[in-house]
Amino acid sequence: MAMAVTMEVGNDGVAVISISNPPLNIINAAMLAALKEKFGEATRRRDVKAIVLTGKGGRFSGGFDINAFQNPSGDTSDRTIESIDLVLNTIEDCKKPVVAAIEGLALGGGLELAMGCHARISAPKTQLGLPELTLGVIPGLGGTQSLPRLVGVSKAIEMMLFSKPIMSEEGKLLGLIDEIATSEELVRVSRLHALEISDGRKPWVRSLHRTDKIGSLSEAQQLLRTAREQAKRTAPNMPQHLACLDAVEEGLLHGGYKGLLKEAAVSKELVQSNTTKALTHLFFAQRATAKVPNITDVGLKPNHVKKVGIIGGGIMGSGIATSLMLSNITVFLKEINSEYLLKGMKTVEGGYYIDTLSNIQSLVARGKVTQDKARKALSMLEGVSDYSEFKEMDMVIEAVIEDIPLKQEIFSELEKVCSSCCILATNTSSIDLNVIGEKTKSQDRIIGAHFFSPAHIMPLLEIIRTEKTSPQVILDLLTVGKIMKKVPIVVLNCTGFAVNRSFFPYMQIPHLLVHLGVDLFRIDRAIRNFGFPLGPFQLQDLGGFRLGKASGKEYENAFPDRTFRSPLTELLLKNGRNGKSNGKGFYVHEKGSKPKPDPSVLPIVDESRKLMNIMPGGKPISVTDEEITEMVLFPTINEACRVLDEGVVARASDLDVASVLGMSFPSYW
Ligand SMILES: C[C@H](O)CC(=O)SCCNC(=O)CCNC(=O)[C@H](O)C(C)(C)COP(=O)(O)OP(=O)(O)OC[C@H]1O[C@@H](n2cnc3c(N)ncnc32)[C@H](O)[C@@H]1OP(=O)(O)O
């Protein structure tokens, strides 16, 4: 059904105005106009005593149409300010009481419409939130004014700045929700509530008139100061956080109406910003990854994957296991001996390293997982040291070291011990899948499941298919990925696949620059200032130099025309450095403190420079930070274009998503 706003007036004198725009009742300009019209009609009609505003199809509304931010009309100067015209003048100042009946979700503009009403009745477990900042904008239908007045300044700032929705049960405690009613009772209870307001038996509350939750101005300003400092630290390159706080402050200083004007002015500016363009592009790009041509559009049904075997309990294997367990999937973790098995199990569960939190403990400590969920997840893990249980597996993920003969042997073995419909996946980050499966006859069920480290935290899953991988197997892994709350992108088999292949210049060009005389710590700083959380040398420390050397070889073989070779990595290894794993890389890594640049690495760098001798005239080149960033990123973009041109990814936007979620490319560029 297309977008519609309908009104039904009952014998009780309540007009129920319903919005409908399946699946999420997204609001657009036409809907706002239709709402105004229906409210006008309800206000005029003598048989209407009160109004209930609700959404059809079990969802109130997912908010305003994000497409509108992608193509904002150039001149918005004489556009109506909807927060004033509709939410304030039409709904909040309506001459008849208006009650919102909320179910499923009320996000962004959806919640803002509800906050314009005089009371809110919600079904249980309904999501309420203002996630606009994740899109580069701020709440634009009055939310910066109504939310602080309904839940207090501190909670409102938290909900907006972290774009963190709450559930209706918490909303009830905070006073955002007046009553909770079952889905079946929702509209009936809302009608009664509206009539009771009309009879004077329940209070008729206009959100913007409220001051009781705001507290003193000095307290509020202290909260705003702290929030501003935090925003400057955590979102230094994004304007919307400070802009949102400015709009809140304006309303606190000069009243809700002035606050709405400020909100509108700021929104108008932000909607044209590059940050909004980038973040809304990412929103749709992320959803597009779920649509894989010839896989998700050919009527296949996913098989239910209940049991997964993992071969190898190292960092990757234990991270993947953690993520699967938290998604209620039973994991059999296999290691070659009891010592390694214990270590793998403890990395997941805790207790092996006394001073390091296990995967699960660290998620609980960071508030990502509740104790209850952690307990449940732990019951999904079993450690094994042979293949006797593997007949039962729906999928196996191999996560051993990058050693071709070892992987080939494991896959031959798996073919024998697993059932013929078990998915055989490898977590290799660069080895050709055809080579891994060469010694089997099961090429149709061999697939790459490339997780990014740490696998229980990073959201990207790169799914690699060969020409022989069956569509059903691809669909099944896609589905498991979604159950694990990962964002899966499907790519073709090639050296480095889509993500590491695109980013191999990002790891190599910094070495070229260093050999041309640029300071390595300056390169990391320039890249961090651009917005990456870590510089390329910090990243190489994390991966370890042995891995760097092995994958460097792969790229040298595959793309000899565009690889930079230097003896640096070899020299580092010879000097007993392997990056973070032994505490010695380009940085000093000590437990409990941030990595610090290590000056003792510089003589090794100099030795490598001397051996290469590529500085023009023997002198370091002179470059600006901007040039450093461009010299590192432009070849990366070129490689991404090759990846696209060769059809390794289905869409350019898949690479955008992969760069942000897998390589932490700053989302706002
Ligand atoms: C003026 C106001 O202050 C400004 C605003 O309201 S800004 C918008 C605020 N709202 C949001 O940010 C919510 C964005 N949406 C979401 O986070 C998620 O869609 C959700 C959590 C609501 C639901 O998730 P889920 O059930 O997985 O559904 P999901 O697949 O994401 O969405 C279903 C479809 O609706 C689309 N959609 C979701 N929210 C949308 C929006 N706000 N605008 C346009 N399209 C939207 C999706 O692109 C998807 O389309 P597709 O089927 O063609 O791919």
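The values are calculated or read from the model by the stated rules, or taken from the named source; none is laboratory data. As the structure is a computational prediction, the values presented were derived from the model and not from experiment. So basically every Cβ, Gly included, is an ideal-geometry build from the backbone, and we count neighbours across all protein chains shown.
Quick grid of which residues meet (1) of a type in the set (G, A, S); (2) crowded, with 21+ Cβ neighbours inside 10 Å; (3) modelled with pLDDT under 95; (4) within 29 Å of V52 (Cα to Cα):
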{"position": "K202", "(1), (2), (3), (4)": "no, no, no, yes"}
{"position": "T226", "(1), (2), (3), (4)": "no, no, no, no"}
{"position": "E229", "(1), (2), (3), (4)": "no, no, no, no"}
{"position": "A235", "(1), (2), (3), (4)": "yes, no, yes, no"}
{"position": "V266", "(1), (2), (3), (4)": "no, yes, no, no"}
{"position": "L270", "(1), (2), (3), (4)": "no, yes, no, no"}
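Just one of (1) free of Cβ contacts under 8 Å to residues at least 12 places away in the same chain; (2) over 26 Å from the mean Cα position of the chain (by Cα) fails for K343. It is (1).
Of the residues contained in the stretch 126-140, none is found to be over 29 Å from L282 (Cα atoms) and among the β-branched types (V, I, T).
When the residues of the stretch 576-593 are filtered to those that are out of contact with any Gly (no Cβ under 9 Å at 6 or more places or on another chain) and surrounded by 14 or more Cβ atoms within 10 Å (Cβ to Cβ), the one that is modelled with the highest pLDDT is V588. Can you name the residue in the stretch 122-179 that is part of a strand (DSSP E or B) and more than 24 Å from the chain's Cα centre (by Cα) and is also farthest from the ligand (Cβ to nearest atom) among such residues? Restricting to residues being part of a strand (DSSP E or B) and more than 24 Å from the chain's Cα centre (by Cα), the top hit is E179. With the requirement that a residue be under 16 Å from M631 (Cα atoms) and either free of Cβ contacts under 8 Å to residues at least 12 places away in the same chain or buried (at least 22 other Cβ atoms within 10 Å of the Cβ) (or both), what does the stretch 537-563 give you? Of everything in the stretch 537-563, just one residue is under 16 Å from M631 (Cα atoms) and either free of Cβ contacts under 8 Å to residues at least 12 places away in the same chain or buried (at least 22 other Cβ atoms within 10 Å of the Cβ) (or both), namely F537. Tell me, yes or no, whether the stretch 67-86 has at least one residue that is assigned to a helix (DSSP H, G or I), in the same structural domain as I166 (by TED's automatic domain parsing) and more than 12 Å from the ligand (Cβ to nearest atom). Among the residues of the stretch 67-86, at least one is assigned to a helix (DSSP H, G or I), in the same structural domain as I166 (by TED's automatic domain parsing) and more than 12 Å from the ligand (Cβ to nearest atom), which makes the answer yes.
When I431, I410, I401, I446 are checked against the criterion of being at pLDDT 95 or above, of a type in the set (A, V, I, L, M) and within 32 Å of the chain's Cα centre (by Cα), I446 stands alone in meeting it. Selection over the stretch 306-328 of residues that are surrounded by 20 or more Cβ atoms within 10 Å (Cβ to Cβ) and either within 16 Å of the ligand (Cβ to nearest atom) or not in a helix (DSSP H, G or I) (or both) gives a count of 7. When you scan the stretch 329-342, how many residues do you find that are assigned to a helix (DSSP H, G or I) and closer than 21 Å to L547 by Cα? The number of residues fulfilling the criteria is 1.
State whether the residues of the stretch 27-39 include one that is closer than 29 Å to G200 by Cα, crowded, with 24+ Cβ neighbours inside 10 Å, away from the ligand (no atom under 12 Å from the Cβ) and touching a residue at least 24 places away in the same chain (Cβ under 8 Å). Checked the stretch 27-39: no residue is closer than 29 Å to G200 by Cα, crowded, with 24+ Cβ neighbours inside 10 Å, away from the ligand (no atom under 12 Å from the Cβ) and touching a residue at least 24 places away in the same chain (Cβ under 8 Å). The numbered conditions (1) outside any helix (DSSP H, G or I); (2) crowded, with 19+ Cβ neighbours inside 10 Å; (3) among the basic types (K, R) are all true for K291 except (2). Scan the stretch 99-121 for residues that are within 14 Å of the ligand (Cβ to nearest atom), farther than 20 Å from E82 by Cβ and either free of Cβ contacts under 8 Å to residues at least 40 places away in the same chain or touching a Leu at 6+ places or on another chain (Cβ under 8 Å) (or both) and the total you get is 2. From the list K291, K268, K277, pick out the single residue that is among the basic types (K, R), closer than 18 Å to G109 by Cα and either within 15 Å of the ligand (Cβ to nearest atom) or out of contact with any helix residue (DSSP H, G or I) (no Cβ under 9 Å at 6 or more places or on another chain) (or both). From the options K291, K268, K277, the qualifying one is K268. Here M1 meets each of (1) modelled with pLDDT of 95 or more; (2) among the hydrophobic types (A, V, I, L, M, F, W, C); (3) more than 30 Å from the chain's Cα centre (by Cα); (4) outside any strand (DSSP E or B) with one exception, condition (1). The test for being closer than 30 Å to N493 by Cα and not in a loop (DSSP other than H, G, I, E, B) holds for E630. The lone criterion from (1) surrounded by 15 or more Cβ atoms within 10 Å (Cβ to Cβ); (2) assigned to a helix (DSSP H, G or I) left unmet by K376 is number (1).
The set of residues in the stretch 400-423 being of a type in the set (A, V, I, L, M, F, W, C), within 21 Å of D476 (Cα to Cα) and either assigned to a loop (DSSP other than H, G, I, E, B) or out of contact with any helix residue (DSSP H, G or I) (no Cβ under 8 Å at 6 or more places or on another chain) (or both) consists of C418, C421, C422.
Scanning the stretch 1-19 for residues that are surrounded by fewer than 18 Cβ atoms within 10 Å (Cβ to Cβ) and within 16 Å of the ligand (Cβ to nearest atom) turns up M1, A2, M3.
Does S429 satisfy being assigned to a helix (DSSP H, G or I), in contact with a Ser or Thr (Cβ under 8 Å, 6 or more places away or on another chain) and farther than 19 Å from N303 by Cα? So S429 does not fit the description; no.
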